[in-house]
1. So, R0 is 51 Å and r is the distance between the beta-carbons of residue 229 and residue 398; what FRET efficiency does that work out to, to 0.05?
2. Report the one residue of 272, 116, 493 whose Cα lies farthest in the direction of the positive end of the charge dipole of the chain (charges on C-beta: Lys and Arg +1, Asp and Glu -1; origin at the Cα centre).
3. Please state the relative contact order of the chain as a whole percent: Cα pairs under 8 Å, 6+ residues apart?
4. Among 385, 523, 160, whose Cα projects farthest towards the positive end of the dipole of the chain, with charges put on the beta-carbon of Lys, Arg (+1) and Asp, Glu (-1)?
5. Extending each Cα 7 Å along its Cβ direction at residue 129 and residue 315, get the distance between those two points in nm, one decimal.
6. Determine the dipole magnitude for the chain: charges of +1 sit on the beta-carbon of Lys and Arg, -1 on that of Asp and Glu, nothing else is charged, the reference point is the Cα centre, and the result goes in debye to the nearest 20.
7. For segment 94-226, what is the Kirkwood hydrodynamic radius in Å, using each pair of distinct C-alpha atoms?
8. Just for segment 94-226, what percent of DSSP beta bridges are antiparallel, to the closest 5?
Amino acid sequence: MKTSLLSAFLICMLCQACVKSVPEADLIIFGGNIYTVEKGQAKVEALAVKDDKILAVGDLKSIEKYKGTKTEMLNLKGKTLIPGFVESHAHLLGLGKQQRQLDLSNVKNYDELLALVAEAAKNTPKGEWILGRGWHQSKWDPKPQLITGYQAHEKLSEVSPNNPVMLVHASGHALFANAEAMSLAGIDPNKKLIGENKVGGDGEIIRYPNGKPTGIFTENAMEIIQAQVPEDSKESRYKDLQAAFAECLKNGITSFQDAGSDAAAIETYREAIKKGEFPIRLWAMLSYSNYAAEKQEEDDPFLLEWFKKGKEIGDFLSIGGVKLYADGALGSRGAWLLEDYSDRPGFTGNVLLPIPVMEKIADNCLKSGFQLCTHAIGDRANREVLNIYERSFKKQPEKAKDHRFRIEHAQHVDPKDIPRFKQLDVIASVQTIHFSSDRPWAIDRLGQMRIQAGAYRWKQLIESGAMVINGTDAPVEPLNPIPCFYAAVSRKTLKGEAFETDQKLSREQALRCYTLDAAYGCFEENKKGSLKVGKFADFTVLSQDIMTIPEEEILKTKVEMTIVGGKIKFKTEL
């Protein structure tokens, strides 16, 4: 009898201990479509969060055992929850800065651009700069008279006689300056330029046939005008950062991979961390400094300092990549091609860094453990970067076992080079929204054969075994991931025009590219990107189920909520 009572007592105590050992969740989410992006368990009914991590995922009954007296219950009411979007290539401070400049992304022609500048000139004190970004002459209707594919400055200078004006192309790889801005840079807009361009094959000052400047500066030649613009203050950079954070949260971005952070940017990040005003997770690529780029030197002091001390890893701020530019952009005809541009015979684009410089930096990245992320848009640029990577991997085979070097954009790749991404384990960091924006006019640059054989070949890259990750390149494109997702699965422009539909991604592939695979793109797949126990509780709640709704409904999807570390950072106003 005593033995039986003792056994019962022990069993009771054991049961109580078991009950007590179940942790109490801070948050339980249920009542909607919950996609995990995990193999074998694509959807679950509910999940639990403890502190800033995922505590459990599964059916609602199994998750309810984590409910305690202080647990918050979040009913999705039929909405859809996915792992937080991971923006794999954009420019954080540029995104914020765009909001205090003229937004030229929606101008339909040159006259509309002139009207915006004229209005700004009325409200800007004499001598102060007027800055803007987003124009794209290939999208204008009607098109003005074009000189080497661009408009000229005279009308711009007429509406802004008392202010220097610098308007950056949508791609970021060309700018449009008025007479006052050129005069400040030491260029007389009324006189023929003597000799060659100030910057040779890595950038151009576009001229009239008589040698006078048109006001267009491309690639590295942009620095001639940019050097005259006053540097941003610490205060303005901090405001830009906070504005960019707000834009990220509004668009469901919980993690952001910044494609080029200089010393001033990193200082701004650290200040925000210190103030507790850093609501998303940031992974930064270090910029090759302007000073080193101007001299095209291998040994950039800024990079050498980081190579010496190594990567920095944190929950909210990590610094683990290096960003280089091999060529320019297709829109500015700066992308480096194997053959001439279809709409500019005799010209193959711009080489922005000498190959030996890029190779030396690649070697240093391998030695120090940094990922090299090289901008390459044209087929020649992609081939040369793959060659550089291959030579570096052969020099340091042990260091190259899990390098995760990347090519940013990989927009136009010769068919012979597509299999090399997998062969070399090079990540293709693409922006599917560029297809939607650029495909209607890109055919003018490349012609039908090159477009169909080698441009925007996302599905072919994935089927070859390559890792493909997705982003927007904001502020080149809007930060919103939904149009980007739509472009990936539809191969359509935002107006509904379809091109090369054999390269459409499945919705599962498109979601992975923006979550788990994007996290893999910076060695963070074990911390984020899917709904798995132990990973950060970073989620995006959408108004519709983008995995099942009709294709034409996708663009109507809104971000309802953004959750970072289990905390609601953004919520739509009902």
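A short reminder: the numbers here are calculations on the coordinates, not readings from a lab. Here the structure is a predicted model, which means the values were calculated and not measured. So basically every Cβ, Gly included, is an ideal-geometry build from the backbone, and we count neighbours across all protein chains shown.
1. Efficiency computed from Cβ-Cβ geometry: 0.65.
2. Working it through, the farthest residue towards the positive pole turns out to be 272.
3. Computed over the chain, the figure is 16 percent.
4. 523
5. Modelled inter-label distance: 3.8 nm.
6. Values: 75 positive and 77 negative charges, 321 e Å.
Computed about the Cα centre, the dipole is about 1540 debye.
7. 14.8 Å
8. 60 percent
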